[in-house]
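S.K.: Here it is, the structure in full.
The numbers here are math on the coordinates, done by the rules we state, and not lab data. Everything quoted here is computed from the prediction, not taken from an experiment. Glycine gets a Cβ as well: all are built from the backbone with ideal geometry, and neighbour counts include every protein chain shown.
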Amino acid sequence: MAATIRPRRSALYMPGSNARALEKGRGLAADVLILDLEDAVAPDAKETARRQILEALAAGGYGQREILVRVNGLASEWGEADIAAMAKSGADAILLPKVESSETVREAERLMGQAGAPDGMAIWCMVETPLGVLHVEEIAWASSRLGGLVMGTSDLAKDLHCLHTPRRLPMLTSLSLCVLAARAYGLAILDGVHLDLDDDQGFAESCRQGLEFGFDGKTLIHPKTIAAANETFAPSVDEVAWSERIIAAHEEAVRNGRGVVVVDGKLVENLHVENARRIVRLADLIAALDTAAA
């Protein structure tokens, strides 16, 4: 299940145990909501969180936002029940935590099928351990349901015993390997969270770095960071205008029997046009999403 082109600039984690947060999510400008049953939920609140997420999804009102539900790991006492419950919840995808092998993905796929999950329901995988990074290629092609990867950089830094520096150089290899795997298999990929909510400049720089690395968007832990992530990961006005120009110029060149064209001194080939079409399509989808939310 290659990821469809859609806005994924901002992906906000929301604890399933917090009914008020689930309600508030209906009015937030995040492109993706990750309704959480795992890290953000205490053991004695797991059952309540599962029920509240099911009730919230049944009630609807989330518009065109993409909804992922992060379940507990399959090795936990809650994982299988989470998947069984969420299979027909109406969520767009189930997000598996700490995936380290293709076997985990295939087992989740089996459980989803057994519980009656629709064909269009995707599996997303969190990559947040050294073993997960080393096995990310096999994870990326493990199932036809795969839709995307999510970086868990806090857990990854802990396991690597590395410093979580502003430029994240100690994690560069891990981040790049995961982007490579996602792009090789047509998956979406989201960058990890920025933990310091008082560091606006650092957050903005982290978003910019994630964009430069090739991520589709940023995972977030607070609504106040949504606007900055949306701004950074959206195509700029200049990018869209340039993309539209080279699409038009290339189409004219093709009509005239030429495969390449020069625009403002820059050689434009089909590969540039493919990316330009992606940018224009993404911009159109963002505009539609913003209009629907208004």
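S.K.: Sorted from largest down, give the three principal axis spans of the alpha carbons of the chain, whole angstrom values.
M.R.: Cα extents, longest axis first: 66, 43, 40 Å.
S.K.: Further question on the same structure: Counting only other residues whose beta carbon sits under 15 Å from that of residue 240, what net charge do I get with K and R as +1, D and E as -1? Working shown, then result.
M.R.: Values: positive: 9, 245, 277, 278, 281; negative: 231, 238, 239, 244, 284, 290.
Here the count lands on -1.
S.K.: Roughly how many debye, to the nearest 20, is the charge dipole of the stretch 1-155 about its Cα centre, given +1 on each Lys and Arg Cβ, -1 on each Asp and Glu Cβ, and no other charges?
M.R.: It comes to approximately 660 debye.
S.K.: Sticking with this one: What net charge is computed for the residues neighbouring residue 211, neighbours being all others with C-beta under 11 Å from the C-beta of residue 211, Lys and Arg scored +1, Asp and Glu -1?
M.R.: Values: positive: 9, 208, 218; negative: 191, 205, 212, 216, 231.
Net charge in that neighbourhood comes out at -2.
S.K.: Rank-order 174-184, 154-164, 94-104 by packing density, defined as the average count of other C-beta atoms within 10 Å over each peptide's residues, highest first. Each step should come with its number before you reach the end.
M.R.: Values: 174-184: 19.0, 154-164: 15.6, 94-104: 21.9.
Answer by packing, highest mean first, reads 94-104, 174-184, 154-164.
S.K.: Hey, what number do you get for the chain at 222 nm if only DSSP H runs of n ≥ 4 count, each worth -39500 (n - 2.57), divided across all residues, to the nearest 500? Can you show the working numbers first?
M.R.: Details: 12 runs with 137 residues, N = 294.
So the helix-based figure for the chain works out to -14500 deg cm²/dmol.
S.K.: A further question follows. Provide the per-residue ³J(HN,Hα) series for the stretch 263-269, in order, calculated from phi with Karplus coefficients 6.51, -1.76, 1.60 and θ = phi - 60°, each as a whole number of Hz, with x at glycine and proline positions.
M.R.: So the Karplus estimates, Gly and Pro as x, are 10, 6, x, 10, 6, 10, 10 Hz.
S.K.: What helices does the chain hold that run 15 Å or longer along their axis, going by alpha-carbon atoms, with a Kyte-Doolittle average of -0.5 or more, using DSSP H for the helix calls?
M.R.: Membrane-span-like by this rule: 46-59, 172-184, 237-255, 270-293.
S.K.: While we're looking at this one, here's another question. Would you order 185, 13 from fewest to most other beta-carbon atoms within 10 Å of each residue's own beta-carbon? Don't skip to the end; give the middle numbers.
M.R.: Numbers: 185 17, 13 23.
Least crowded to most crowded, the residues run 185, 13.
S.K.: Return the lysines within reach of residue 46: Cα separation strictly under 23 angstrom, same-chain partners fewer than 8 residues apart disregarded; answer none if there are no such residues.
M.R.: Candidates past the 8-residue exclusion: 24, 88, 98.
S.K.: Tell me, what does the Kirkwood hydrodynamic radius of the stretch 77-158 come to in angstroms if you use every pair of distinct C-alpha atoms?
M.R.: Details: mean 1/r = 0.0786 Å⁻¹.
After inverting the mean inverse Cα-Cα distance, the result is 12.7 Å.
S.K.: When Lys and Arg each count +1 and Asp and Glu each count -1, what net charge do the other residues less than 12 Å away from residue 134, Cβ to Cβ, add up to?
M.R.: Residues close to residue 134 contribute a combined charge of -4.
S.K.: Nearest-5 percent of antiparallel DSSP beta bridges in the chain?
M.R.: Details: 3 of 33 bridges.
Antiparallel bridges: around 10 percent, rounded to the nearest 5.
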